[in-house]
Amino acid sequence: MSSSPRNDPRATYSAPPRRSYGACRAPSGDTLPTMTLDPRTPVLVGGGQVSEHDGGIEPVDLIAEAARAAAAEAGSPRLLETLDTVWLSRILSWPYRDPGLLVAHRIGAVPRHTGYSGTAGSVPQVLLARAADDIAAGRRDAVLVGGAESWRTLMKLRAQDRTPEWTVQPEAIAPAENLVPDVPMGAEAEKRIGFTRPAHIYPLFDDALRLRLGRTRSVHRDALGRLWSRMSRVAAENPHAWSREALSTQQITTPSRENRMIASPYTKRMNSNNMVDQAAALLMCSAATADALGIGRDRWVFPHASVEGHDTYAVAERPALDRCHAIRIGGQRALELSGVGLDDIAYVDLYSCFPSAVQIAARELGLPLDDPARPLTVTGGLSFAGGPWCNYSAHAVASIAGRLRDNPGNYGLVTANSGYLTKQAVGVYSTEPPASGFRRADVQAEIDRVPTVRALDTYAGPATTEASTVVYDRSGEPERAFLAARTPAGERVLAVSRDDADIDALQSCEDGAMAVDVAADGTFHVSGSAAGEGFITTV
């Protein structure tokens, strides 16, 4: 494709003179002196969201619809024509080669670059940060970041043994550049016992949380129900949420035909809901481009900082199963780079695939779980607003930006998660321009200094349980139990049992300390109580 000099990354950008945009507000509410805004400053000018309940629409068409809604929010349909970049999160419901090309064609854009991601939930925030970096450096002027899933439609058609009649790109179309790799999921210790599903691993984290808090199973279950009930109430007020029914604690915690147990302590309503047809698109451009297109200053939301890092990819190596150092370190750094404190953040969206993810993130950031003035989601979370696989965080950023436009002068924070609470991206946004420009950081070196636990891929011998979860079949019957246990030397081993006696013993143990015998094949059997001998850590 040909590109104009403006879109040629090798061309010299002739920027207009710096402009004064008047006084801005400090986090405390005081007025700062007039600042001059660099014309290369990245601004998020529109966010469109689509929830298609009628179904049948393929993902790229949903993204195009969301892009038009984002342009309408920006007040500039011309923005779509000027896009030089289209970057999309991985779409799992259809095997496109370069979906960005299809979206561009549908919205009338002729981008010089399209890109795609691997499978990871932190992708939208990562792509936005990369776009902001490139815009600030003059490499790009206008970028669309988005994604979609038509998973609900796909599953319905599969149940009828039908294949969607969606766009198939010819082999001549080269695959789009992979901008973000897959997040590794499934270390050897996990794979050998079949412990690889997020719906099974996040409940294990929640049992570790329960034990650290010293709660009985029933007390902890009720606390989870209250947390998720609050999330559902936010979704009920969100016009873009997939489910807008405010649910009570009992409706969330009580197993039923519509709300079966998945893995203790989670019912179906505590799991991310990927049975959705949803899309979100975010439009970011330079301040100069926004000004040239006549996009009003009241539409501008500034990315202040974005920070990335990951905990150990192997779950068994985590120093504690109820911690996430990537969120703790990344969140602190994002606030530092933005020049604000946690109390200056008015709006928060914590990635909410499962209750343990929210509880751990809140603890690491220092946020209370039940502050009515500052809920932990602006969407309602992945269980209720919708969990379109890799693209949820695009919805979160669009919603945060909307809150900020309606309440100028405030700050918002988004966390985006990949894997098993593994890789994190934390973003801070505001309607006020950043005093030091957009700043991006990788905190991996600091995370890597956190000590890890020695994990054993094979082990035979005695151990003491650290946390456990029981997985249920579709009829609601216990099927198998997974556990994390410590050997007498303090190493961690993961194990599984399908024995009814072992499952009953784990379910009846409130303090989590059970003596088990682990076999070389990764199975275990409960050998007795080990009260007071657990290895729960708080690193």
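Dipole of the chain computed with +1 at Lys/Arg Cβ and -1 at Asp/Glu Cβ about the Cα centre; of 379, 288, 117, farthest Cα towards the positive end is 288.
In the chain, the calculated helix contribution to ellipticity at 222 nm averages -8500 deg cm²/dmol per residue, counting -39,500 (n - 2.57) for every DSSP H run with n ≥ 4. Only beta bridges with both residues in the chain are counted; by DSSP, about 75 percent of them are antiparallel. In summary, the lysines within cross-link reach of residue 423, defined as a Cα separation below 28 angstrom excluding same-chain residues under 8 places away, comprise 191, 268. Computed from phi, the 3J(HN,Hα) profile of segment 506-514 under the Karplus parametrisation 6.51, -1.76, 1.60 (θ = phi - 60°) reads 5, 5, 8, 8, 8, 8, x, 9, 10 Hz, with x in place of Gly and Pro.
With the Cα gyration tensor of segment 461-529 giving a ≥ b ≥ c as the square roots of its eigenvalues, does the rule (a/c under 1.5 for rounded; else a/b larger than b/c for prolate; else oblate) give rounded, prolate or oblate? Cα axes put segment 461-529 in the prolate bin. Starting at the first residue of segment 134-141, write each ³J(HN,Hα) from the Karplus equation 6.51 cos²θ - 1.76 cosθ + 1.60 with θ = phi - 60°, in whole Hz, x for Gly and Pro. Result, rounded to whole Hz: 5, 5, 4, 8, x, 7, 9, 10.
Here the alpha carbons of the chain define both size measures, Rg and Dmax, at 23.8, 76 Å. Under 5 Å from the amide H of residue 348 lie the amide H atoms of 413, each residue being 5 or more positions distant or on a separate chain, with H modelled from the backbone and absent for Pro and chain starts.
Each Cα pair under 8 Å and six or more residues apart adds its separation to the average, and for segment 461-529 the resulting relative contact order is 32 percent. Between amide H atoms placed 1.01 Å from N, distances below 5 Å from residue 480 occur with 471, all of them 5 or more places distant or on a separate chain. When the scattering of segment 347-487 is computed by the Debye formula from its Cα atoms alone, each counted once and equally, what is log10 I(q)/I(0) at q = 0.14, 0.18, 0.21 Å⁻¹? Taking Cα atoms of segment 347-487 as identical point scatterers yields -0.86, -1.18, -1.38.
Counting only C-alpha contacts under 8 Å and six or more residues apart, can you give the relative contact order of segment 193-298 as a whole percent?
21 percent
Which aspartates and glutamates, on any chain, are close to residue 156 with Cα under 20 Å apart, when same-chain ones fewer than 8 places away are left out? Leaving aside aspartates and glutamates fewer than 8 places away in the same chain, those within reach of residue 156 are 52, 54, 58, 61, 165, 258, 277.
Scanning residues 5 or more positions from residue 118 or on other chains, those with amide H under 5 Å from its amide H are 179, 180, 182, with H placed 1.01 Å from N in the peptide plane.
Rule-based calculations on the coordinates, nothing more; no lab input. Worth saying up front: this structure is predicted, and the values here are computed from it rather than measured. So basically every Cβ, Gly included, is an ideal-geometry build from the backbone, and we count neighbours across all protein chains shown.
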